[in-house]
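Worksheet for the structure shown next.
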Amino acid sequence: MKKIKTPSFIIRKEKLENQTNDLMKTLSETFPFYIAGYSFKTNNFSWIISYMREKGLWAETVSSDEYTLAKSLGFPINRIIFNGPAKGKAEFIEAVENGAIVNIDSKRELKWLKECNSSTQNIWKIGLRVNFDIEEQCPGESQGGTEDGRFGFSLENGELTDAINFMIANKFPFSGIHLHCSSKTRSLNIYKAISAIAVKIVKTFNLNLNFLDIGGGFFGGVPGKPSFHDYFVEIKKILASTINLEKTTIIVEPGISLIGCAVDYVTQVIDVKETKHNHFTLLDGSRTHIDPLMRKSSYTYHIEQSETSSKKFVNQILCGFTCMENDRFFHLNYAPLKEGDLVVFENVGAYTMGLSPQFIEAYPRVYVEEQGHFELVRKKQKLPL
Ligand SMILES: *Cc1c(COP(=O)(O)O)cnc(C)c1O
C-alpha cells in the first residue's frame, strides 16, 4: 500500500473475479438460456467494462453515449442491451436494425420503429419495459413508493396493452419484456414480485417470449445478504410454472452486485487540527469521490498506521480536501491519526467513480491490485479546460 499514490481507487481483481465467476456459474446452473448485461452506469470505468466483456457479459446501456461507449470498447451491436428513457433516435434505429436488445421505454420510441428498415425485422430484438405497482406487493421497499416508478408502460392503466397492440397492429416482432425495478432493499421479495408479474403478463397477453429481462439491483458479496444463488432459485421457482425456460432467455443486468465490493478508496492523513471543541483529521481524499450524492451514513473502512500509537483514544472528525464544511466522512474514537496514516474505505465500487465530480480536484488515480501487485490504470487527471 505504501507504494501507491493517494487518494486513489483500487480495483481488487480477485474480488471482481469471484463475483463475476459466481454470477456466470450460478446463471448457467439455473437457466438453460441466459444473458448477463453489465450495467455501465454503475461504474463506467473502461478497464472494468472491458473486463466484463472478456468475461462474456454483454453491455447494458441506458443512453446513446453509453451505447456508443459500448461499441468503442469492442461490443458488437448484437451484444448490447439498449435501455433508458431518453435514447437518441439515430442510435435507437441503428441498434434495432443491427440486432441489439432494445427495451422500449416510451411512445416516441414505438413511433421510431416505423422508420427502421423493415427488411431487417428478422433480427430485431424488441422488448417493452413494463411499469408496474411493485410498492403494492412490497410496501416500503420500492424507490418510487406510492408515487410509482417512472419507467416503461403501465400494466395497470392499459398503456402496456396499447403498446402491445401497437406492435401487433404494425406486425413488428415483439420479443420480450423488461422488468427492472430499483428497490431500497434488494430483497428476495422484490424478485419474487417481479417474477410473479412476469407470469401474470405472459398469461394475460398470452405471450411467447424470446426473452425476459429481470434487470439488476441484486446484492453481491455482502455477508448476510442474498447471494446470486438465492435470487435465481426463487426467480426460477415462480417462472417455471408458466414460462418455458427452454424457449425464453433470462436476462439479468447486474451492476452493484459485481463491482460494489471489488473497489477500495485509499486516502492519507495530511494534517491534524485542534479547534475550540474538536479534533479534525484532514485526509487527501474527499467524500465527493465515494459518496457523491452525500447520503451515506456509515462506511466500511480500515486504518493502516505506520507505528501503533499507545496514546489514549481521541474523538476525531475525518474530513476531506474540499472546501465544503460537510465534506466530513465520520467521527472516529481511536488513537489519534498522524500524517501519513492511511484510511482505506471498502466496498465503494458502485455509483462512485462514474459520479465523481470534477470538483476542486480532478478525478483521482485508479490502480488494479492483483496478488499484492499494483498497476496504475488511470493517471491523475487534470481539470477540464
Ligand atoms: C441501474 C440499472 C441496473 C443496475 O442496477 P444495480 O443496482 O447497479 O445492479 C440495471 N438495469 C437498469 C435498467 C438500470 O437502470
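The values are calculated or read from the model by the stated rules, or taken from the named source; none is laboratory data. The shown structure was predicted, so the numbers you read here are calculated from the model rather than taken from an experiment. Counting neighbours? That spans all protein chains shown, and the Cβs are built from the backbone with ideal geometry, glycine included.
Among (1) more than 12 Å from the ligand (Cβ to nearest atom); (2) farther than 30 Å from residue 367 by Cβ; (3) buried (at least 22 other Cβ atoms within 10 Å of the Cβ), where does residue 70 come up short?
Tallying (1) more than 12 Å from the ligand (Cβ to nearest atom); (2) farther than 30 Å from residue 367 by Cβ; (3) buried (at least 22 other Cβ atoms within 10 Å of the Cβ), residue 70 fails exactly one: (2).
Considering every residue within the range 165-182, establish whether at least one is away from the ligand (no atom under 16 Å from the Cβ), in contact with a strand residue (DSSP E or B) (Cβ under 9 Å, 6 or more places away or on another chain) and in a helix (DSSP H, G or I).
yes
In the range 264-285, how many are in contact with a Pro (Cβ under 9 Å, 6 or more places away or on another chain) and either outside any strand (DSSP E or B) or among the hydrophobic types (A, V, I, L, M, F, W, C) (or both)?
So the count comes out to 5.
Sort through 354, 349, 320, 372 and tell me the only one that's outside the structural domain of residue 221 (by TED's automatic domain parsing) and at positive phi.
Selected residue: 372, the only one of 354, 349, 320, 372 that is outside the structural domain of residue 221 (by TED's automatic domain parsing) and at positive phi.
When the residues of the range 340-385 are filtered to those that are acidic (Asp, Glu) and within 18 Å of residue 301 (Cα to Cα), which remaining residue is surrounded by the most Cβ atoms within 10 Å (Cβ to Cβ)?
So the residue we want is 341.
Would you mind stating whether residue 195 is under 26 Å from the mean Cα position of the chain (by Cα) and under 25 Å from residue 80 (Cα atoms)?
Yes, satisfied.
To keep it simple, each residue is scored yes or no on (1) more than 30 Å from residue 290 (Cα to Cα); (2) surrounded by 14 or more Cβ atoms within 10 Å (Cβ to Cβ); (3) more than 14 Å from the ligand (Cβ to nearest atom).
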residue	(1), (2), (3)
54	no, no, yes
66	no, yes, no
84	no, yes, no
98	yes, yes, yes
107	yes, no, yes
112	yes, yes, yes
117	yes, no, yes
124	yes, yes, yes
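Over 28 Å from the mean Cα position of the chain (by Cα), under 30 Å from residue 374 (Cα atoms) and more than 16 Å from the ligand (Cβ to nearest atom): does that describe residue 303?
No; evaluated as a whole, the condition is false for this residue.
Is it the case that residue 81 is under 26 Å from residue 154 (Cα atoms) and either assigned by TED's automatic domain parsing to the domain that holds residue 350 or β-branched (Val, Ile, Thr) (or both)?
Spelling it out, residue 81 is indeed under 26 Å from residue 154 (Cα atoms) and either assigned by TED's automatic domain parsing to the domain that holds residue 350 or β-branched (Val, Ile, Thr) (or both).
Residues that are assigned to a loop (DSSP other than H, G, I, E, B), in contact (Cβ under 8 Å) with a residue 24 or more places away in the chain and closer than 14 Å to residue 7 by Cα: does the range 311-320 have at least one?
yes
Is it true that residue 23 is within 16 Å of the ligand (Cβ to nearest atom) and without any contact (Cβ under 8 Å) to a residue 40 or more places away in the chain?
no
So, of the residues in the range 211-269 that are of a type in the set (Asp, Glu) and under 21 Å from the mean Cα position of the chain (by Cα), which turns out to be nearest to the ligand (Cβ to nearest atom)?
Here the answer is 253.
Of the residues that sit in the range 147-163 and are surrounded by 18 or more Cβ atoms within 10 Å (Cβ to Cβ) and not in a loop (DSSP other than H, G, I, E, B), which one is nearest to the ligand (Cβ to nearest atom)?
By that ranking, first place goes to 153.
Cβ-Cβ below 9 Å, separation at least six or inter-chain, first residue in the range 121-146 and within 11 Å of residue 183 (Cα to Cα) and in the same structural domain as residue 188 (by TED's automatic domain parsing), second among the acidic types (Asp, Glu) and part of a loop (DSSP other than H, G, I, E, B): which pairs?
Qualifying pairs under 9 Å: 134/141; 135/141; 135/148; 142/133; 142/148.
Check off (1) within 16 Å of the ligand (Cβ to nearest atom); (2) closer than 30 Å to residue 228 by Cα; (3) touching a helix residue (DSSP H, G or I) at 6+ places or on another chain (Cβ under 8 Å); (4) at pLDDT 95 or above for residue 207 and give me the number that stays unchecked.
(1)
Looking only at the range 183-194, count every residue that is farther than 27 Å from residue 295 by Cα and either out of contact with any Asp or Glu (no Cβ under 8 Å at 6 or more places or on another chain) or within 16 Å of the ligand (Cβ to nearest atom) (or both) and tell me the total.
2
So residue 335 passes all but one of these: (1) at pLDDT below 95; (2) hydrophobic (A, V, I, L, M, F, W, C); (3) within 24 Å of residue 260 (Cβ to Cβ). Which condition number does it fail?
(3)
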